[in-house]
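Let me begin by presenting the structure, written as C-alpha cells, before commenting on it.
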Amino acid sequence: MSFAKAQDLIRLARLAATRRTGIGLDEICEEFGVSHRTAQRMTDALETVFTNVEAVDGDDRRRRWRVADPMLDRLQTRQETAVEALEIAGRTARGDGRLRHAAALEDLRDGLLARLTPKDALRTEADVEAVLLAMGSVTRPGPRVNLAPAVLDAVIEGLRGPFRLRLRYRDEDAPERIIEPHGLLLGHRSYLVARQPARGEDMLNFRMDQILSAQTLDESFSLMPGFSLEDYAAQSFGVYQDPAQYDEVIWHFAPHAAARAAEFCFHPKQTVEAQKDGGLIVRFHAAGWLEMAWHLYQWGDAVEVIAPEGLRTLVENHRRSDFGALP
C-alpha cells in the first residue's frame, strides 16, 4: 500500500470512528474525491485492516461503516491544517467582535496543540504562523463597521435559545423593542433578522451598528415555521431587504470582462448565459439596488444593466471607462 493510500485509510478510519452514525459510500466519494468503485475498495480495506468495523444497513438500505476503537485516539496525525483553520476562524471571530466564539475556537486550537509532544507542538505553531503570514491577511481587509461585542454576545445568546431580546437603539427618542431573533446577516452593514410581535408577523431587519444595548430575556418563543435564513438572504443582493425592489436582475458584461465576471458568484441562485459576441449575461432575482450600484461601479463601463429599470437609471451616469483593472 502506498503512503498516500495509507494516509487516506487512516483518515477514513477516523471519520468512521468520530461520526456517530458512521460513514457511507456517497460521503466517502465526496470527502476523498473518488469514484463509487474506489470508495467500495476503501471500505474493503477498512474491514481488512481494522478489526472493530461495523457495517450496518440503514432504513434507506444504504450501508454505513463505523469503527468502534478508542485506540484511534492515539494515532497522532499532523495537525497543521486543523490548527490553521481554527486560528483563522478565531481571529476572524475576534475581529467581528464575537468574543465567545473566539474564545471557544482558541480553546479547541490549544487542545489540539496539547495532544502533541512539545517538539511537534512547537513545529506546528511555527508552520501555522508561516502560513498565516504568507496569506497576507487573516482578518477581512477593507472598511467595515465595528459591532459592539456585548450586543453581539446577547444576540448570539438569544439565537441559541431561542430567547426574546430587548433592544435599545442609539436614537434616544426610539422606544425599546422586544424582538424574536431568527438570524444574522453579516456584511458591509450587518442586520439582525427578527420578528417584532408588536408590529406583526413579518420579518424585519435591525441594523446591528445602531443598537446601543441588547438584553437576553428569560422568555422563549417559537421560530417561524418553515423560515430559512438562506432563502431570506437570497431575496437581496447584499443584506438590505426591500420587497418593493425585488425583481429579475439582468446584467450584460462586455466581452473583455466576461471571463472575469464568470469567476464571480453574484447571487446564489444566478444563471449565466454566454453570448455569441463573447459577452456574458447574468440573471437572478433580488432586491437592494443601492448595494448593487456600489458593486457595479467597480466594473466601470464593462457592465450594462438590462433590468430592472430602476437600477439601470441609478447607475447609468456613473459608468466610467478609465478604470485600470476589473474587480
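Hey, could you grab the Kirkwood Rh for the stretch 159-202? Inverse mean 1/r over distinct alpha carbon pairs, Å, one decimal. Its Kirkwood hydrodynamic radius stands at 11.5 Å.
Binning the alpha carbon pair distances of the chain at 10 angstrom intervals from zero yields the distribution 5, 17, 20, 24, 23, 10, 1, 0, expressed in whole percent. The modelled label-to-label distance for the pair I178/Q40, using points 7 Å beyond Cα in the direction of Cβ, is 6.1 nm.
The label point for L326 and the one for D59, both projected 7 Å from the Cα toward the Cβ, are 5.0 nm apart. Each label was represented as a point 7 Å from its Cα along the Cα-to-Cβ direction; for A85 and D110 these points are 2.2 nm apart. Excluding same-chain neighbours fewer than eight residues apart, no lysines are reachable from K119 by a Cα-Cα span under 25 Å. What is the Cα centroid distance between the stretch 144-186 and the stretch 269-327, reported in whole angstrom? With the stretch 144-186 and the stretch 269-327 each reduced to a Cα centre, they are spaced 34 Å. Output the 0 to 90 degree angle, nearest 10, between the alpha-carbon long axis of helix 118-135 and the longest principal axis computed from the alpha carbons of the chain. Compared with the principal axis, the helix lies near 30 degrees. Taking Cβ atoms as reference points and 13 Å as the exclusive limit, the residues near E248 contribute a net charge of +1, counting Lys and Arg as +1 and Asp and Glu as -1. Peptides 21-28, 190-197 ranked from most to least packed give 190-197, 21-28, packing being the mean of other C-beta atoms within 10 angstrom over each peptide's residues. A Förster distance of 25 Å, applied to the separation of the beta-carbon atoms of L223 and D202, puts the FRET efficiency at 0.95.
With contributions of -39500 (n - 2.57) from each DSSP H run of at least four residues, the per-residue ellipticity at 222 nm computed over the chain stands at -12500 deg cm²/dmol. What the Cβ-Cβ distance of E263 and A103 gives, at R0 = 30 Å and to the nearest 0.05, is a FRET efficiency of 0.25. Dipole of the chain (Lys/Arg Cβ +1, Asp/Glu Cβ -1, origin at the Cα centre): which of Q241, A68, A286 lies farthest to the positive side? The listed residue farthest towards the positive side: A68. Taking Cα atoms only, the orientation of helix 36-49 departs from the longest principal axis of the chain by about 40 degrees.
Taking each residue as 0.36 nm, the span from E47 to R123 lengthens on full extension beyond its C-alpha to C-alpha distance by 23.9 nm.
Any read-out appearing in this document is the output of simple, stated calculations on the displayed coordinates, not a laboratory observation. Please read these numbers as outputs of a predicted model, since none were measured by experiment. Methodologically, a virtual Cβ is constructed for each residue, glycine included, from the backbone with ideal geometry; neighbour enumeration extends over all protein chains shown.
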